[in-house]
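The values are calculated or read from the model by the stated rules, or taken from the named source; none is laboratory data. Predicted, not measured: the structure shown is a model, and the values here were computed from it. Backbone-built Cβ (ideal geometry, glycine too); neighbour counts: all protein chains shown. Only protein heavy atoms, including side chains, enter the accessible area calculation; ligands, DNA and RNA are left aside. Shrake-Rupley method; radii C 1.70, N 1.55, O 1.52, S 1.80 Å.
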Amino acid sequence: MAEHHDNHHHHPHHEEGFLSKWVFSQDHKMISKQFLVTAIIMGVVGMLLSTMFRLQLGWPGQSFPILETILGKWAPDGVLDPNMYLALVTIHGTIIVFMVLTGGLSGTFANLLIPLQIGARDMASGFINMLSYWFFFLSSAVMFASLFVETGPASGGWTVYPPLSALPQAIPGSGLGMTLWLVSMSLFIVSSLLGGLNYIVTVINLRTKGMSMWRLPLTVWALLITAVLGVLSFPVLFSAALLLIFDRSLGTSFYLSEIHIGGQALENVGGSPILYEHLFWFLGHPEVYIILLPALGITSEVISTNSRKPIFGYKAMVGSILAIAFLSFIVWGHHMFVTGMNPFLGSVFTFTTLLVAIPSAVKVFNYLTTLWKGNIVFTPGTLFAIGLVSTFITGGLTGIILGDSALDINIHDTYFVVAHFHIVMGASAIFGMFAGVYHWFPKMYGRMMNKNLGYMHFWLTITSVYGVFFPMHFLGLAGIPRRYYSNTAFPLFDDFIDVNSMISVFAIIGAVAQVIFIFNFFYSIYKGNKATQNPWKSNTLEWTTPVEHIHGNWPGAIPEVQRWAYDYSRPDKDQDFVPQDVPLEPGEEAH
Amino acid sequence: MTGFLTIVVVTLGVILLGKVLKIFELSGELRGADANAVTTKDNRTQGALVMLFGLGFLAFVIHQFYKFKDMMLPVSASEHGVQTDMLLSVSFWVIIPMFFITHILLIYFAYKYYYRPERKATFFAHSTKLELIWTVVPTVVLTTLIVYGISTWNKIMAPAAEDAMVVELYAKQFDWTGRYAGEDNKLGRSGYRLIEGANVLGVDMTDGHAQDDKVARGELHLPVNKEVSFKFHSRDVIHSAYMPHFRTQMNCVPGMTTQFHFKPTITTEQMRKETNNPEFDYILLCNKICGSAHYNMQMTIIVESEEDFNKWLEGKKTLAQELGGADVAVDAQPHADAAIDAHDDATTDSDSLDVQHP
């Protein structure tokens, strides 16, 4: 990591040893960087996995010697093995959803921004915060290690529905690979809960003087509500995982009933795989917003700062975050319309699901109004934030179709779903994450990232995102199921062979484009231009701290907050921003 | 084709990397405190790029709809499918204009309001009126869609007609078996412990209703314009019976029975003429990840006139004939998939039953 920190020991407290400074650090800023770097590494792994299975999907049955080089016996003669294909799909989903967009996104930005933006010297508990990272690290390491298991990694899809995930007879990946998946996920849940509790307590208790809830930047609101969602829903996933562990190892029958497999009738009776689905999606749906809300919060901040305009409808933005968070707990059934659930329940879940579109629409229109008559500075962060608004619209609108139970019957589990969630939560969340990295890199590393590489990264990325995922809507409407190793068994789908090749070409371009980012990121840590204290002329408190990190964040007293975070381009001021710690002038009204 | 594409991709990658390094070198020469500050020129360029890319993207979207116009949704071959297609069209007519309106605004604003040092942004933080508009309008539109959607759903999921033909679809890794309920239109009981040898469905042959059941493998025949009530079973993992032309999908879950009913409206023959494809067949495919051959777990569905259907079904042996049941009948006519020994012990094996009636 950044060697330039070595020379500076401004902090008043004590000299730290190597281990407590770089490895077992309890400083939220260091932990944030640890989360980010781990997430980038896992993101590269997840992306490479998807590139490998895209080769098979683009050119089914073709020999790619590189696959044999990487995968060995799982790609004899360079052709991907069907079991390995399912494993790649599974681990790609798991890594991106949990390690990158949950642990990585919340871990990085909640850690960095909560104390700095609310005016706290650190998290409520530095020790628990450190544990949160190390559980995350272990979880990532175990998931990565599971890729090298003799029988292959977990391969029942990232949702790991039993009985497929419970029975090694059903698929080889449900052996040791699945055990490691469950171990990794349990560690991840511990990490997530430790982190989440800390974030909540910190926001509630450690705000500086003057920082009322209605003066919190929207990033902090989003991260706070995200943490609440996590704390309420991850324990349910934990119970789902625990019961699955029991079924796999102790012979219980929570999810198993009346199974005849491998020429043998199993003893398990009375359980139901549908129970697992309910437990899983009770986390699984809030999880979508655990991923999305931090990205939306970052976007609010980046768009407002760089449009040099207050975020439009601050209270409505907070209200819509709360509404989305509340609704996210009562829509999980829309993942299960075709499981044979009571049709009345289907109606209820259709109703609640489509309601989510209302607060989402409010957010979109508020972003648009914030840009309207702004004075937009196009940093790479701004571009990614604008990209998020685009993908959030595109992906959000197709949710109106999928959330409708009568329509879901026909497109459930097809490529339409793949298109929808990759655009609305995959691309949006990763765009939000990139926007955050470009925007707060100066705060994290005291240096600037190269803007031209940033521009190039953005344009290539958004082109490949739409090139990959937009055509998938039509594949799905034509009835092509997801998680198919190839579509060649159905003459009906022959028309789509070329489309699939094009999608794979875009996927490869997208993967190559990320090399630009990774190079820019690591190069700039060491060689980037030195950052000034407030490079984006932003109002929030993190930019009042010195460029060089010190333990405790502010060398003197913590600044007092005098106003909200969005006093940009006030007509009564010459300067187009007024930081939160600048006192009101006599006669000036707080917003 | 593949070789060519690989070369293109690799070349592009190399060129890209070259350019990246070049840019880096150049920017390195300029290195100073402000080398990465966003200039007015950057703002103009990026604003223009947003417009350029935005227009390109909207053109791409229109092109995609045009390109896939005829490929995307096959003609609906079931009665309720026509209704859901209508609902889908209405939904598209709501979301496509929304997509274009919001994107045009996004692109236009980003392009028009790029940073100029002499300008100042308009301080506009709040407007109850505007916010009310974009809360109420989506609410009204969505309420309409919700009511329309739920009423369609309720029609589809209403109980099947009394006289609907009962068919069981039985899933296992990695194939489908159909079972027709026979003369009495009632499926015989079955249980997973009874699966043995030829009795792959685990049918309880002591049950009177089981005797006239008929089993179909490879092809499932359905009479046109007659409601079919499907009962879905799985013996191992979760599968999903997906019939895209009939707008039908239902999971097959071990340990429980799920159901769905529909009325096919177009025969295979008619469909072949309409699509100009003499090879056309309706398909049943598995749409829930179920293992290594998930991608090839399929069955052909033939929709034909009731007359042809009855003829086909009469040619099938009953389960009693296939397995030997309460009234073991003599094989009347030789049949391709009837080379099966009669199993009389299936009748005595019922004490360990865990049976369920669909």
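Fraction of C-alpha pairs exceeding 34 angstrom in chain B: 51 percent, rounded to a whole number.
For the protein assembly as shown, taking Cα atoms only, Rg and Dmax work out to 29.7, 105 Å respectively. Pairs from the table (B:LYS155/B:LYS263; B:LYS186/B:LYS316; A:LYS33/B:LYS22) lying more than 20 angstrom apart at Cα are A:LYS33/B:LYS22. When you count the other C-beta atoms within 10 angstrom of each residue and take the mean per peptide, B:256-262, B:280-286 line up highest first as B:280-286, B:256-262.
Lys and Arg at +1, Asp and Glu at -1: add these up for the other residues within a Cβ distance under 14 Å of A:TYR276 and post the number. Taking every Cβ under 14 Å from that of A:TYR276, the sum is 0. Report summary: the helix-based calculation at 222 nm, which adds -39500 (n - 2.57) for every DSSP H run with n ≥ 4 and divides by the residues of chain B, gives -13500 deg cm²/dmol. The range A:508-591 has equivalent-ellipsoid semi-axes of 34, 19, 10 Å, by the square roots of 5 times the alpha carbon gyration tensor eigenvalues, sorted largest first.
Summing charges over neighbours of A:ALA316, with a neighbour being any other residue whose Cβ is under 11 Å away from its Cβ, gives +1 when K and R count +1 and D and E count -1. For the chain pair B and A, the interface hides roughly 11600 square angstrom of accessible area in total, found with a 1.4 Å probe. Taking only the Cα atoms of the range A:121-191, the ratio Rg/Rh comes out at 1.15, with Rh defined as the Kirkwood radius.
At a threshold of 50 Å², the residues of the range B:65-112 that become less accessible to a 1.4 Å probe in the full protein assembly than in their chain on its own are B:PHE68, B:MET71, B:MET72, B:LEU88, B:ILE95, B:THR102, B:LEU106, B:PHE109. Accessible-area loss of 30 Å² or more (1.4 Å probe, protein heavy atoms, chain alone versus all protein chains) is found in the range B:230-244 for B:ARG235, B:ASP236, B:VAL237, B:ILE238, B:TYR242.
Dipole size of chain A about its Cα centre, with +1 on Lys/Arg Cβ and -1 on Asp/Glu Cβ: approximately 1020 debye, rounded to the nearest 20. In terms of its C-alpha gyration tensor, the range A:466-527 comes out prolate, because a/c is 1.5 or above and the ratio a/b outweighs b/c.
Projecting the Cα atoms of B:GLY13, B:PHE262, B:ALA164 onto the charge dipole of chain B (Cβ charges, centred on the Cα centre) puts B:GLY13 farthest toward the positive pole. Note on A:393-399: average number of Cβ atoms from other chains within 10 Å of each residue's Cβ is 4. The peptide list B:54-63, A:469-478, put in order of mean Cβ contacts within 10 Å with the highest first, becomes A:469-478, B:54-63. With a cut-off of 18 Å on the backbone N, the residues of the range A:273-309 near the modelled label site 7 Å out from A:LEU250 along Cα-Cβ are A:276.
The Rg/Rh ratio for the range A:421-533, using Cα coordinates for both the radius of gyration and the Kirkwood hydrodynamic radius, is 1.13. Using a probe radius of 1.4 angstrom, the carbon and sulfur fraction of the accessible surface of chain A is 68%. Taking all protein chains as shown and a probe of 1.4 angstrom, A:PHE254 keeps an accessible surface of around 80 Å². Of the residues in the range A:548-573, those shielded by at least 30 Å² of accessible area once partner protein chains are present, compared with the chain alone at a 1.4 Å probe, are A:SER569. Restricting the range B:73-176 to trypsin sites (Lys or Arg not before Pro) that sit in a DSSP loop and have at most 16 other Cβ atoms within 10 Å of their own Cβ leaves B:ARG119. Summed over the residues of chain B and divided among them, the accessible surface reaches 47 Å² per residue at a probe radius of 1.4 Å. Per-residue shielding of A:531-540, expressed as the average number of other chain Cβ atoms within 10 Å of the residue Cβ, stands at 1. Projecting the Cα positions of A:PHE496, A:VAL362, A:THR532 onto the charge dipole of chain A (unit charges on Cβ atoms of Lys, Arg, Asp and Glu, taken about the Cα centre) puts A:THR532 furthest along the positive direction. The alpha carbon gyration tensor of the range B:30-182 gives principal lengths a ≥ b ≥ c with a/c of 1.5 or higher and a/b greater than b/c, which makes the shape prolate. Can you bin the range B:265-306 into rounded, prolate or oblate? Criterion: square roots of the alpha carbon gyration tensor eigenvalues sorted a ≥ b ≥ c, rounded for a/c under 1.5, prolate for a/b above b/c, oblate for the rest. Because a/c hits 1.5 or more and a/b exceeds b/c, the range B:265-306 counts as prolate. Note on the range A:308-458: with charges restricted to the Cβ of Lys and Arg (+1) and Asp and Glu (-1), its dipole about the Cα centre is near 940 debye. Placing R0 at 41 angstrom, the Cβ-Cβ distance between B:ASP163 and B:VAL200 gives a FRET efficiency of 0.90 after rounding to 0.05.
Rolling a 1.4 Å probe over the protein heavy atoms gives the range A:315-361 an accessible area of 32 Å² per residue. Across peptide A:338-348, the average count of Cβ atoms from other chains found within 10 Å of a residue's Cβ is 5. Using the Cβ of A:VAL331 as centre and a radius below 15 Å, the other residues enclosed give a net charge of -4, where K and R count +1 and D and E count -1.
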